[in-house]
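> One structure coming up, written as structure tokens, with questions to follow.
Bear in mind these aren't lab numbers, they're just calculated from the coordinates by the rules spelled out. The structure displayed is predicted, hence computed values, not measured ones. So basically every Cβ, Gly included, is an ideal-geometry build from the backbone, and we count neighbours across all protein chains shown.
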Amino acid sequence: MNEPMHRTVEANGIRIHLAEQGSGPLVLLCHGFPESWYSWRHQLSALSAAGFRAVAPDMRGYGMTDHPAEIERYTLFHLVGDMVGVLDALGEKTAVIAGHDWGAPVAWHAALLRPDRFRAVVGLSVPYRPRGSVAPTSVMPQNAEASFYQLYFQPPGVAEAELEADARTALRKILYSGSGDVPRRNPGAPSAGVGMVPRAGGFLTRMPDPETLPAWLGESDLDFYVQQFMHSGFRGGLNWYRNIDRNWELMAPYAGASVTVPALYMAGDLDLVVSFPRMKEVIADLARYIPQLRGTIMLPGCGHWTQQERAREVNQAMIEFLRGL
């Protein structure tokens, strides 16, 4: 079987589109923003060849999966519930769950909330962060000139209008700007300006528009992403950000809880997420909240799109981790 099979399942009250390849123990692959099941294309084939059943959904709000309009239907409880529902729809009792970008908090929290269903977890880019003492948006950076992009995403309709005006340009800029291919003056150094959106512009204002795409992203790959967002729009994906404070409220009972299942964390050393304030300390301290952390892998020269920019290394690390369970 050289290509993924596609189907739609009913799970957690919505229809979820899945790409599936291989047979064996289930590995569930959760993508982030602004992405698609397609972000895991290299892992679907590699995991399948290694003897696993790899399943990559279009997450809630994306691609061919349903995209409810209501903001409050995109909490972490909904997103983890979707993944539990996918397991039920597939007839599987347990899975290893992997997530990248926004998919990583889904994967970490799936393992935290339902270790009986998710027996191990792989997080890419975004590390597990224990619940803080204050609502997250209250401490996000902002000043007279700019605000953190997650604050820019909060008002409904604003980011949608910017990104949907020209989806191809938006996706090309975002995918290139987040990659390790962008020239950097001081690679890996923390910066107060990371992720800041000028108040006199938008999310895309300061992003370079490449003349040619990086080696890991072909024109046909970009075509696929554009087609997906022309279908779904960006609202669903942006609604995940609009629940950041609500997630913090909902997770109050789990304050201080540990992720108890075996875990692996991977990120690029040029990933902008790693440069966010205090993130290096969070990564260094992961084992405190994840007692079965099997490794922290930093990929040199890799940016945000971990499993696409460094497919071979990510595949190798994931398969080694899975075989060691």
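> Under the classification rounded if a/c is under 1.5, otherwise prolate if a/b is larger than b/c and oblate if not, where does the range 131-212 fall, given a ≥ b ≥ c as square roots of the Cα gyration tensor eigenvalues?
Numbers: a/c = 1.99, a/b = 1.21, b/c = 1.65.
The shape class here is oblate.
> Residues in the range 69-89, backbone N under 14 Å from the label point at residue 249 (7 Å along the Cα-to-beta-carbon vector): list them, ranges by number please.
Hits in the range 69-89 for residue 249 at 14 Å: 71-77.
> Shifting gears a bit: Compute the signed sum of charges (Lys and Arg +1, Asp and Glu -1) over the other residues within less than 14 Å, Cβ to Cβ, of residue 70.
Values: positive: 60, 73, 235, 242, 246; negative: 66, 72.
Counting the neighbours of residue 70, the net charge comes to +3.
> Treat every Asp and Glu Cβ in the range 185-265 as -1 and every Lys and Arg Cβ as +1, leave all other atoms uncharged, and give the resulting dipole magnitude about the Cα centre to the nearest 20 debye.
Working: 6 positive and 7 negative charges, 85 e Å.
So the dipole magnitude of the range 185-265 works out to roughly 400 debye.
> Any idea how far apart residue 211 and residue 258 come out in nm if each label point goes 7 Å out from Cα toward Cβ?
Spacing of the two 7 Å Cα→Cβ label points: 5.4 nm.
> Report, by chain and number, residues whose modeled amide H sits under 5 Å from the one on residue 146, excluding near sequence neighbours (fewer than 5 apart, same chain).
199
> For residue 299, enumerate residues with amide H under 5 Å from its amide H, sequence gap 5+ or separate chain, H modeled in the peptide plane.
267, 268, 269
> If you don't mind, another one. As an exercise, use a Förster radius of 56 Å and the Cβ-Cβ distance of residue 49 and residue 143 to find the FRET efficiency, rounded to the nearest 0.05.
On the way: r = 50 Å, r/R0 = 0.89.
Once the sixth-power term is evaluated, E becomes 0.65.
> Find which of 54, 97, 142 sits farthest along the positive direction of the dipole of the range 5-323, computed with +1 on the beta-carbon of Lys and Arg, -1 on that of Asp and Glu, about the Cα centre.
Of the options given, the answer is 97.
> Mind jotting down the distance between the C-alpha centroids of the range 198-237 and the range 135-175, whole Å?
Here the two parts' Cα centres lie 13 Å apart.
> Given the Cα atoms of the range 1-151, and with Rh set as the inverse mean 1/r over their pairs in the Kirkwood sense, what is Rg to Rh to two decimals?
Values: Rg = 16.0 Å, Rh = 16.0 Å.
Answer for the range 1-151: 1.00.
> Dipole size in debye (nearest 20) for the range 5-323 around its Cα centre, Lys and Arg Cβ +1, Asp and Glu Cβ -1? Please list the in-between numbers first.
Values: 29 positive and 32 negative charges, 156 e Å.
The dipole magnitude comes to about 760 debye.
> Toward the positive end of the charge dipole of the range 5-323, about the Cα centre and with charges on Cβ (Lys, Arg +1; Asp, Glu -1), which of 198, 118, 222 goes farthest?
The residue sitting farthest along the positive end of the dipole is 118.
> Grab every C-alpha pair in the range 64-187, bin the distances at 10 angstrom width from 0 up to the longest one, and report whole percents.
P(r) over the range 64-187, rounded to whole percents: 10, 29, 37, 21, 3, 0.
> Follow-up. Using amide H atoms built in the peptide plane, which far-off residues or other-chain residues are under 5 Å from residue 19 H to H?
56, 58
> State the dimensionless ratio Rg/Rh of the range 22-64 (Rg: radius of gyration of Cα atoms; Rh: Kirkwood radius).
On the way: Rg = 10.5 Å, Rh = 10.5 Å.
Computed over Cα atoms, the ratio is 1.00.
> Distance from the Cα centre of the range 36-105 to that of the range 262-309, in angstrom?
20 Å
> Next question, about the same structure. Hey, what do the phi angles of the range 276-287 turn into as Karplus ³J(HN,Hα) couplings, whole Hz, using 6.51/-1.76/1.60 and θ = phi - 60°, x for Gly and Pro?
Coupling constants for the range 276-287: 4, x, 6, 5, 4, 5, 4, 5, 5, 9, 4, 4 Hz.
> Tally Lys and Arg at +1 and Asp and Glu at -1 over the other residues with C-beta under 13 Å from the C-beta of residue 32: what net charge comes out?
Working: positive: 60; negative: 35, 58, 101, 271.
Charge balance near residue 32 sits at -3.
> Let me know the charge dipole size of the range 85-218 about its Cα centre in debye, to the nearest 20, where only the beta-carbon of Lys, Arg (+1) and Asp, Glu (-1) is charged. Present the calculation step by step, with values, prior to reporting the outcome.
Details: 13 positive and 12 negative charges, 98 e Å.
Dipole of the range 85-218, to the nearest 20 debye: 480 debye.
> Which FRET efficiency value, to the nearest 0.05, is calculated for residue 224 and residue 69 with the Förster distance at 22 angstrom and r the Cβ-Cβ distance? Kindly include the intermediate steps, with their values, before the conclusion.
Numbers: r = 25 Å, r/R0 = 1.12.
Computed FRET efficiency for residue 224 and residue 69: 0.35.
> Another question about this same structure. Let me know the longest stretch in the chain that avoids all GluC sites (Glu not before Pro) found in a DSSP loop with at most 13 other C-beta atoms within 10 Å.
Details: sites that count: 70, 145, 211.
After excluding every exposed loop site, the longest remaining stretch is 212-325.
> Work through the residues other than residue 256 whose Cβ is under 12 Å from its Cβ and net out their charges, Lys, Arg +1 and Asp, Glu -1.
My count for the surroundings of residue 256 gives +2.
> Return one quarter of the surface area of the convex hull spanned by the alpha-carbon atoms of the chain, equal to its mean projected area, in nm². Let's see the in-between values first.
On the way: hull surface 60.4 nm².
That works out to 15.1 nm², a quarter of the Cα hull's surface.
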